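Student: Just passing along the structure, written as structure tokens.
The values are calculated or read from the model by the stated rules, or taken from the named source; none is laboratory data. These numbers come from a predicted model, not from an experiment. Here the Cβ positions follow ideal geometry from the backbone for every residue, glycine too, while neighbour counts run over all protein chains shown. Heads up: the accessible areas ignore ligands, DNA and RNA and are worked out on the full protein's heavy atoms, side chains in. Shrake-Rupley method; radii C 1.70, N 1.55, O 1.52, S 1.80 Å.
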There are 2 protein chains.
Amino acid sequence: MSEAIPYKIYLSEDEMPKEWYNVRADMKVKPAPLLNPATHEPMTAEELEGVFCKELVKQELDNDNRYIPIPQEIQDFYKMYRPSPLVRAYCLEKKLDTPAKIYYKFEGNNTSGSHKLNSAIAQAYYAKQQGLKGVTTETGAGQWGTALSMACSYFELDCKVFMVKCSYEQKPFRREVMRTYGASVTPSPSETTEVGKKILAAHPGTSGSLGCAISEAVEVATHSEGYRYVLGSVLNQVLLHQSVIGVETKTAMDKYGIKPDLIIGCAGGGSNLGGLISPFMGEQLRGEADYRFIAVEPASCPSLTRGRYGYDFCDTGMVCPLAKMYTLGSGFIPSANHAGGLRYHGMSSVLSELYDQGLMEARSVGQTAVFEAAEQFARVEGILPAPESSHAIRVAIDEAMKCKETGEEKTILFGLTGTGYFDMVAYEKFHNGEMTDYIPTDEELAAGFAGMPQI
Amino acid sequence: MSEAIPYKIYLSEDEMPKEWYNVRADMKVKPAPLLNPATHEPMTAEELEGVFCKELVKQELDNDNRYIPIPQEIQDFYKMYRPSPLVRAYCLEKKLDTPAKIYYKFEGNNTSGSHKLNSAIAQAYYAKQQGLKGVTTETGAGQWGTALSMACSYFELDCKVFMVKCSYEQKPFRREVMRTYGASVTPSPSETTEVGKKILAAHPGTSGSLGCAISEAVEVATHSEGYRYVLGSVLNQVLLHQSVIGVETKTAMDKYGIKPDLIIGCAGGGSNLGGLISPFMGEQLRGEADYRFIAVEPASCPSLTRGRYGYDFCDTGMVCPLAKMYTLGSGFIPSANHAGGLRYHGMSSVLSELYDQGLMEARSVGQTAVFEAAEQFARVEGILPAPESSHAIRVAIDEAMKCKETGEEKTILFGLTGTGYFDMVAYEKFHNGEMTDYIPTDEELAAGFAGMPQI
């Protein structure tokens, strides 16, 4: 059988998913609901609709329906850059001389350079359906902002992006890609919002954070007629849209009779990992399969491996609903030497709950080791990976090397979420031997936890 | 039938080309041979083998065999990133509201970001087969250098890249991608070669040109034990390797019963266009089909539309064999406001001969119009194209708009050679209204022609 497996498995268009997979339907203990930050009561649909699009609120709150139909317009857009290839890493296996069989699902073959487009197009579609003028959002490294600007351009929606100031300055190319798609891009914190002004007054000269940018984007959305806020990770709805990754992967693997033993993904807010594992985790939760799931996070931002599980603020300005998650505290900012994304202080409520129940493992890795894996991968597999994705590569290689020791022929699947085209500054540091690792001290973490609300 | 055509046509691995297509076999008048710059006699295989790998020399001189088998190792490498998709541009058609049917073959889905990898891997393979230690080359914008460094890394060959100095400084990211693949990158002209020293003495502070970088790379190759020089375009062998684009395209089109009326590609040195059209031109030359072929070049570097057809130097240092081509003279350098590639002074001998015989048309376009097309394309097709590729997009859109006027349902095929990820500086200029067009004056062109050898 193995001989017949091609380097790249592409589904045909009629094999592409027509439904997203909602893993919450399979969870016995559901993820905890969002809470109103003032009352600490679960957010109602009506309250959420002030911030998010109606249909997306419905998806956010739906813990029951396993399959959610993908609207035809979104299916059509998906055909522009999907199906993404499921790649058998023959060259990497050979290089590692491992008996393991390694597969990765590559989501970088689109102009946004990552999986983010899967949810961006869905969120833009529902905004358009609702008759909105536009949407607001935040972006850090810029992948989400790029994806959203593409999606909005397709549906002719206005797109206002608040970009973390240090990224805005360090990644002018990302900014220009967004401008190509007609988005307006504002460095955050900015003087254009009340919360931005407040943050600037309290921290003059700050280079910004995701938490600040979220607060600004939410303020603009809730104060502008015909606008809503959209988010690129963490939320249930985003994991739902990203399940297109997992459904495609599972369809392709089933077609060739491949059963993964290990499923590995990097985890920042959790959307790509949540999307990849959804249908597999569903099987697992129904007792139909026996997979191991591993979330990989940076040692410098270790929300699962060293965070606390509880309700926390999603943004710095504390204007968003509270979410129950593994968190480092909304004030936590990774040290300046941290490259790339995966820098959010909290983790998706779905993944947090699965992890808390022992249904998923987590591992943290240092960034020098991550870039070593990235370079090794690039040289044999011909894809220069994003630093984020390289966290998964690191652990996939580690696991394949364990197989080499034990002689086990495990099947390893990992998510390769994007390309590193826009991260060459970090690669340069790595080549020049200037890359450093940082592990926050217990005291630093304690300071972050201290800012959590008492619920 | 049309309804059944998917957005993206991927061949399966067993449908992928096993042979390159050598269009020279179909040409009644063969392209003119390379000449020894000292004797003006045709270069012998033995002479060429001092510069190029043995097997590549054989391919360079082979005007007779229509099909050249692709070695299994190269076929395996191709499977890492090929087949490339043949895309039906449904979204662009809809946006333009044209009855034309538009297809493009997208070669940007690999880390080198362009079609260049198709020849890089072949050239690296033959170098390895010959037992060489490494290869040298030049790169301008960096696409070719990136592709070659990937290919050399795969075969564990040393790779020395001379990068045009202004690009080296303006495109540090490209440099870092090459370093990720283990290549050494030297800004050209440099003090590391005799010809570099000479050029620097004559033009202190020069920012370099492709012609200079070629001279340096050839010098190092011919003076180092176990090294040969490799080139990313212009040569017959490169067009041959790039025919994998055309063969895949034709196989995919034949499978769906699609006959293109127009085949359009951008042309710098000519390799991507030559590769795309090869099997189609073969049919045409054998009287079996009736296609129109259009080469698109920048108005600022118009070798076909305003150049002269004759023997010329391939490099500034005049150390390379002479080639008969449409040329602007080896001293011609496009004005500083020219963005992106397509800046070589001459055109492939194969394409030059086809053009001279009236078998191919040529059109030149201004760069502002090119970026307008690029942005229009990016917004609906979801791929941010390279400036080079956008020359083809410009003419494809122009032709589709003509169809809208006349009501003709023409089928248009164009080559989309790469992504614009590394060209955001040019996009930024365009967004800021700072992009200008430049058309060289007749006097400027005359100065270039004056440097041509008298043959």
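Student: Determine if the stretch B:233-240 includes at least one residue that is assigned to a loop (DSSP other than H, G, I, E, B), closer than 26 Å to residue B:339 by Cβ and among the hydroxyl-bearing types (Ser, Thr, Tyr).
Tutor: Checked the stretch B:233-240: at least one residue is assigned to a loop (DSSP other than H, G, I, E, B), closer than 26 Å to residue B:339 by Cβ and among the hydroxyl-bearing types (Ser, Thr, Tyr).
Student: If I go through the stretch B:357-405 residue by residue, how many of them are open to solvent by 10 Å² or more (accessible area, probe 1.4 Å) and hydroxyl-bearing (Ser, Thr, Tyr)?
Tutor: 2
Student: Please go through the stretch B:194-215 and give me each residue that is buried (at least 23 other Cβ atoms within 10 Å of the Cβ) and either modelled with pLDDT of 95 or more or assigned to a helix (DSSP H, G or I) (or both), ordered by number.
Tutor: B:195, B:196, B:199, B:210, B:211, B:212, B:213, B:214, B:215
Student: Now for a separate question. Does residue B:335 count as within 29 Å of residue B:437 (Cβ to Cβ), surrounded by 24 or more Cβ atoms within 10 Å (Cβ to Cβ) and touching a residue at least 24 places away in the same chain (Cβ under 8 Å)?
Tutor: In short, no.
Student: Taking the residues in the stretch B:154-187 that are part of a strand (DSSP E or B) and within 13 Å of chain A (Cβ to nearest Cβ) as candidates, determine which candidate is surrounded by the most Cβ atoms within 10 Å (Cβ to Cβ).
Tutor: If we take residues in the stretch B:154-187 being part of a strand (DSSP E or B) and within 13 Å of chain A (Cβ to nearest Cβ), then B:159 is surrounded by the most Cβ atoms within 10 Å (Cβ to Cβ).
Student: I need the full set of residues from the stretch A:302-324 which are in contact (Cβ under 8 Å) with a residue 60 or more places away in the chain, within 23 Å of residue A:162 (Cβ to Cβ) and open to solvent by less than 10 Å² (accessible area, probe 1.4 Å), in order please.
Tutor: Across the stretch A:302-324, the qualifying residues are A:312, A:315, A:322, A:323.
Student: Answer yes or no: is there a residue in the stretch B:73-87 that is out of contact with any Phe, Trp or Tyr (no Cβ under 9 Å at 6 or more places or on another chain) and more than 14 Å from every other protein chain (Cβ to nearest Cβ).
Tutor: No - not one qualifying residue is present in the stretch B:73-87.
This table checks each residue for (1) free of Cβ contacts under 8 Å to residues at least 24 places away in the same chain; (2) away from every other protein chain (no Cβ under 14 Å); (3) farther than 20 Å from residue B:90 by Cα; (4) polar (S, T, N, Q).
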residue	(1), (2), (3), (4)
B:399	no, yes, no, no
B:402	yes, yes, no, no
B:406	yes, yes, no, yes
B:433	yes, no, yes, no
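Student: Name the one entry in B:274, B:270, B:282, B:287 that is modelled with pLDDT of 95 or more, assigned by TED's automatic domain parsing to the domain that holds residue B:387, open to solvent by 10 Å² or more (accessible area, probe 1.4 Å) and among the small types (Gly, Ala, Ser).
Tutor: Residue meeting the stated conditions: B:287.
Student: Can you tell me which residue is most open to solvent (accessible area, probe 1.4 Å) among those in the stretch A:407-436 that are within 22 Å of residue A:111 (Cα to Cα) and part of a helix (DSSP H, G or I)?
Tutor: By that ranking, first place goes to A:425.
Student: Tally time: how many residues in the stretch A:130-144 are within 13 Å of chain B (Cβ to nearest Cβ), at positive phi and open to solvent by 10 Å² or more (accessible area, probe 1.4 Å)?
Tutor: The number of residues fulfilling the criteria is 0.
Student: Shifting gears a bit: Given the criteria under 22 Å from residue A:180 (Cα atoms), in contact with a Phe, Trp or Tyr (Cβ under 6 Å, 6 or more places away or on another chain) and outside the structural domain of residue A:260 (by TED's automatic domain parsing), does residue A:136 qualify?
Tutor: When the stated conditions are applied, residue A:136 passes them.
Student: Oh, and also: Filter the stretch A:107-124 down to the residues that are facing chain B (nearest Cβ under 10 Å), at pLDDT 95 or above and open to solvent by 10 Å² or more (accessible area, probe 1.4 Å) and list them by number.
Tutor: Matches in the stretch A:107-124: none.
Student: Report whether or not residue B:88 is among the basic types (Lys, Arg) and in contact with a strand residue (DSSP E or B) (Cβ under 6 Å, 6 or more places away or on another chain).
Tutor: yes
Student: Just to be sure I understand, how many residues within the stretch A:55-91 are within 23 Å of residue A:283 (Cα to Cα), open to solvent by 50 Å² or more (accessible area, probe 1.4 Å) and not polar (S, T, N, Q)?
Tutor: Here the count works out to 5.
Student: So, in the stretch A:1-46, of the ones that are among the hydroxyl-bearing types (Ser, Thr, Tyr) and part of a loop (DSSP other than H, G, I, E, B), which residue ends up farthest from residue A:105 (Cα to Cα)?
Tutor: Residue satisfying both the conditions and the ranking: A:39.
Student: Another question about this same structure. Identify all residues within the stretch A:13-54 that are within 14 Å of chain B (Cβ to nearest Cβ) and open to solvent by less than 50 Å² (accessible area, probe 1.4 Å); write none if there are none.
Tutor: Matches in the stretch A:13-54: A:13, A:16.
Student: So, one more: When only residues in the stretch B:59-96 that are under 23 Å from the mean Cα position of the chain (by Cα) and of a type in the set (S, T, N, Q) count, which is farthest from residue B:33 (Cα to Cα)?
Tutor: Result: B:84.
Student: Going through B:147, B:151, B:127 one at a time, which residue ends up being of a type in the set (A, V, I, L, M), open to solvent by less than 20 Å² (accessible area, probe 1.4 Å) and away from every other protein chain (no Cβ under 14 Å)? Spell out the reasoning first.
Tutor: Working: B:147 fails: away from every other protein chain (no Cβ under 14 Å); B:151 fails: away from every other protein chain (no Cβ under 14 Å).
Going through B:147, B:151, B:127 in turn, the sole match is B:127.
Student: Just give me the residues in the stretch B:408-431 being among the charged types (D, E, K, R), farther than 27 Å from residue B:274 by Cβ and within 12 Å of chain A (Cβ to nearest Cβ), in sequence order.
Tutor: The answer is B:428, B:429.
Student: Residue by residue through the stretch A:55-71, note down the ones that are touching a Lys or Arg at 6+ places or on another chain (Cβ under 9 Å) and farther than 22 Å from residue A:29 by Cβ.
Tutor: A:56, A:69, A:70
Student: Given the conditions (1) within 14 Å of another protein chain (Cβ to nearest Cβ); (2) among the aromatic types (Phe, Trp, Tyr); (3) open to solvent by 10 Å² or more (accessible area, probe 1.4 Å), which single one is not true for residue B:449?
Tutor: (1)
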